Ligand SMILES: [Zn+2]
């Protein structure tokens, strides 16, 4: 079980300057390492749909010139085999290039000593913090180049401007790093920064160990987010047997934030939309000021504070909803949002008129508005909150595949096609109810009857297959 607890840091003036300097060094290092990856990537790739006649414009030797071919291990590896001997040993030689691909993460990690040699500024930085920057580059780059299990790649990583690099991470913190100083204040001991006073508003739950800490810059100051881990507690597993009585299905949406399978609903508060007017005013004010000037900075800060306010109200609301929902039931059935990619562009529709290519209306404007509301609703965050609250209260969350849950009838499982604007579901079998309520009921039905004991999400497809089988069985019997 992993938790993250966020605390406010109360650094002194001197510490504030140091933390800001560390963050800036991390940002520069990130951009530099990202640039290194991009240079190699752009000079070595070829599009798969167009075979190049000549291999590469840049000679191979040029590409690999600054990359050492091998690296020598400087100490015994931490991983040990069954006999207790380290798997890798000091002096072992590894190749930096594997099948034509440069092992960038290890190359860049090994290159950090040169960074410290040529840019002595970096000596003030904790070495693990610096290593974490390289790991961040690796994560964002591999997310971009390798598709996930659904076949989607993340967007191209961006170089981070002054206001867009907001945190750095200590990958190995410890419970012992939270200590009291001479003035009896609770402090956190951060490498190369020292003891920073912290608003310790909640204690670390018994059994949990501090694993890592991320120092974050927010609109109103510095925070630290601690990752806590208890290996003895397994991640959320439904131990309660879901039954028709103790289970509720919920449909997440825009018009109704949550629609419950018992017919109740919670309206969408539309947090960002409410502050939109205020935001627009501030933004037009910002446009009038000289970029980077003092008045500009003041307004910029007001904007970030407004965003922070919206985010906090939203999170608070989601916690309240979670507690309300679990007061009504023991198990919640929710759609698994990681399966569906909701915020995407619609397909372009074209036609030829008078020998000219014409773009037809494809509903992108409506979809854009929906996307905005979707992001404002932050359903993914709600699910994370539901999981956490379930764990805290000893209740359960079940997931179902969302595919088809808004189109099929919950009672007879037949398909009843609907446009986005149609809010009512009426089926030939006699069911007539709000479309969201239908979805909630269907989600509950799938989650209850077709849930698999060995993990894996239940889906409408399985339900339909099952129905088919039962129908066949009945006719044979007759
Ligand atoms: Zn029906």
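A few remarks follow.
- Some residue of the stretch 151-163 being under 18 Å from residue 223 (Cβ atoms) and touching a strand residue (DSSP E or B) at 6+ places or on another chain (Cβ under 8 Å): no
Rundown of residues vs (1) touching a helix residue (DSSP H, G or I) at 6+ places or on another chain (Cβ under 9 Å); (2) free of Cβ contacts under 8 Å to residues at least 40 places away in the same chain; (3) assigned by TED's automatic domain parsing to the domain that holds residue 218, yes/no style:
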{"site": "121", "(1), (2), (3)": "yes, no, yes"}
{"site": "145", "(1), (2), (3)": "yes, no, yes"}
{"site": "150", "(1), (2), (3)": "no, no, yes"}
{"site": "153", "(1), (2), (3)": "yes, yes, yes"}
{"site": "161", "(1), (2), (3)": "yes, yes, yes"}
{"site": "167", "(1), (2), (3)": "yes, no, yes"}
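- Criterion: within 13 Å of the ligand (Cβ to nearest atom), within 21 Å of residue 258 (Cβ to Cβ) and in contact with a strand residue (DSSP E or B) (Cβ under 8 Å, 6 or more places away or on another chain) - qualifying residue of 441, 395: 441
- Residue in the stretch 85-102 that is modelled with pLDDT of 85 or more and part of a helix (DSSP H, G or I) present: no
- Yes/no for residue 134 being modelled with pLDDT of 95 or more and in contact with a strand residue (DSSP E or B) (Cβ under 7 Å, 6 or more places away or on another chain): no
- Annotation: of all residues in the stretch 420-429 being within 9 Å of the ligand (Cβ to nearest atom) and in a loop (DSSP other than H, G, I, E, B), the one that is surrounded by the most Cβ atoms within 10 Å (Cβ to Cβ) is 427.
- Any chance residue 386 is farther than 16 Å from residue 253 by Cα, in contact with a helix residue (DSSP H, G or I) (Cβ under 6 Å, 6 or more places away or on another chain) and away from the ligand (no atom under 14 Å from the Cβ): no
- Meets criteria (surrounded by 11 or more Cβ atoms within 10 Å (Cβ to Cβ) and either within 16 Å of the ligand (Cβ to nearest atom) or modelled with pLDDT of 90 or more (or both)) for residue 362: no
- Residue 262 under 24 Å from residue 405 (Cα atoms), within 28 Å of the chain's Cα centre (by Cα) and not assigned by TED's automatic domain parsing to the domain that holds residue 17: no
- Residue match in the stretch 411-419 (condition: within 14 Å of the ligand (Cβ to nearest atom), surrounded by fewer than 15 Cβ atoms within 10 Å (Cβ to Cβ) and either part of a strand (DSSP E or B) or not assigned by TED's automatic domain parsing to the domain that holds residue 314 (or both)): yes
The values are calculated or read from the model by the stated rules, or taken from the named source; none is laboratory data. None of the values given here were measured: they were computed from a predicted structure. Don't worry about glycine lacking a Cβ; one is built from the backbone with ideal geometry, like all the others, and counts go over all protein chains shown.
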